[in-house]
Amino acid sequence: MLGQVFKKPQKRSVFHDNIFKEIEELGLKSIGIVAFISFFVGGVVAIQTGLNVDNPWIPKYLIGFATKRSIILEFAPTFMSVILAGKVGSYITSSMGTMRVTEQIDALEVMGVNTLNYLILPKIIATVFFYPFIVTLAMILGIFGGWVAGEITGLFTADNYIEGIRLDFKPYLVQYALTKTMVFAFLIATIPSYYGYYVEGGSLEVGKASTKAVVWTSVVIIIFNYFLTQMLLG
């Protein structure tokens with residue numbers, strides 16, 4: 001399938017329009033849920049860390065440090081990708097599956113269109129290049145949510161939290177997170193597309209294919225997360 005996907009597009013103007021359309025459908029419309037979850041999960045991480053760091057010998061700035069590392073290393077790239085796999089993956093599979101069962105894909109093939117390239121490549125480009133921006137936003141809002149949680153609960157001061165964020169900051173960890181995000185974005189675009197493109201039957205089979213796509217995309221993301229962590233940080 002991927003061999004046909006990465007062939008040269010037939011009409012560049014139509015292809016460029018499809019890319020911007022997919023950025024809107026797969027990226028911009030996901031910013032709201034990502035921002036909402038990131039802010040509150042960042043607050044929860046900070047509160048839980050603050051409640052467990054109750055030893056007077058343990059400095060309070062470690063709360064900010066732990067929150068920063070947790071969000072940058074795992075929460076933003078991996079947890080957000082799993083959430084996007086559920087939201088975006090089901091959309092991709094259901095939309096392409098509907099095109100298949102209603103014979104829209106067959107009509108495109110009759111006209112001589114490389115449907116794999118026409119339908120899937122814009123999704124890959126849109127997710128791979130746009131999702132790093134979404135994950136960066138998730139990092140910022142997650143850390144900000146932790147600061148807000150400290151201000152509300154009084155478990156730690158803003159100065160201590162900011163000191164922890166600045167402590168031992170390594171830009172490579174952000175690069176590591178964004179690298180993982182690009183790999184996960186590729187998986188989110190391709191696995192659901194496969195299940196949607198090759199679905200057979202009617203609307204019931206489209207629903208089953210959407211479920212399979214979300215499950216397998218999440219599983220593969222978790223497996224790739226293990227190996228990428230071993231390769232990039234091990």
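The values are calculated or read from the model by the stated rules, or taken from the named source; none is laboratory data. Just so we're clear, the structure is a prediction, and the values are computed from it rather than from any experiment. Cβ coordinates were reconstructed from backbone atoms using ideal geometry, including for glycine residues, and neighbour counts include every protein chain displayed.
Annotation: residue 147 fulfils all but one of (1) touching a residue at least 12 places away in the same chain (Cβ under 8 Å); (2) surrounded by fewer than 16 Cβ atoms within 10 Å (Cβ to Cβ); (3) of a type in the set (A, V, I, L, M, F, W, C); the unmet one is (2). Cβ separations smaller than 9 Å between residues 6+ apart or across chains give the following pairs from segment 152-168 residues that are among the β-branched types (Val, Ile, Thr) to residues that are surrounded by 13 or more Cβ atoms within 10 Å (Cβ to Cβ) and not in a helix (DSSP H, G or I): 157/60.
For residue 140, state whether it is surrounded by fewer than 17 Cβ atoms within 10 Å (Cβ to Cβ), under 30 Å from residue 228 (Cα atoms) and modelled with pLDDT of 90 or more.
Numbers: surrounded by fewer than 17 Cβ atoms within 10 Å (Cβ to Cβ): yes; under 30 Å from residue 228 (Cα atoms): yes; modelled with pLDDT of 90 or more: yes.
Judged against the criteria, residue 140 is a match.
Within the option set 206, 220, 199, being in contact with a helix residue (DSSP H, G or I) (Cβ under 9 Å, 6 or more places away or on another chain) and without any contact (Cβ under 8 Å) to a residue 40 or more places away in the chain holds for one residue only, 220.
Residues in segment 110-135 that are assigned to a helix (DSSP H, G or I), crowded, with 16+ Cβ neighbours inside 10 Å and not aliphatic (A, V, I, L, M): 115, 117, 118, 122, 123, 127, 130, 131, 132.
Taken over segment 165-185, residues that are assigned to a helix (DSSP H, G or I), more than 10 Å from the chain's Cα centre (by Cα) and of a type in the set (Phe, Trp, Tyr) amount to 2.
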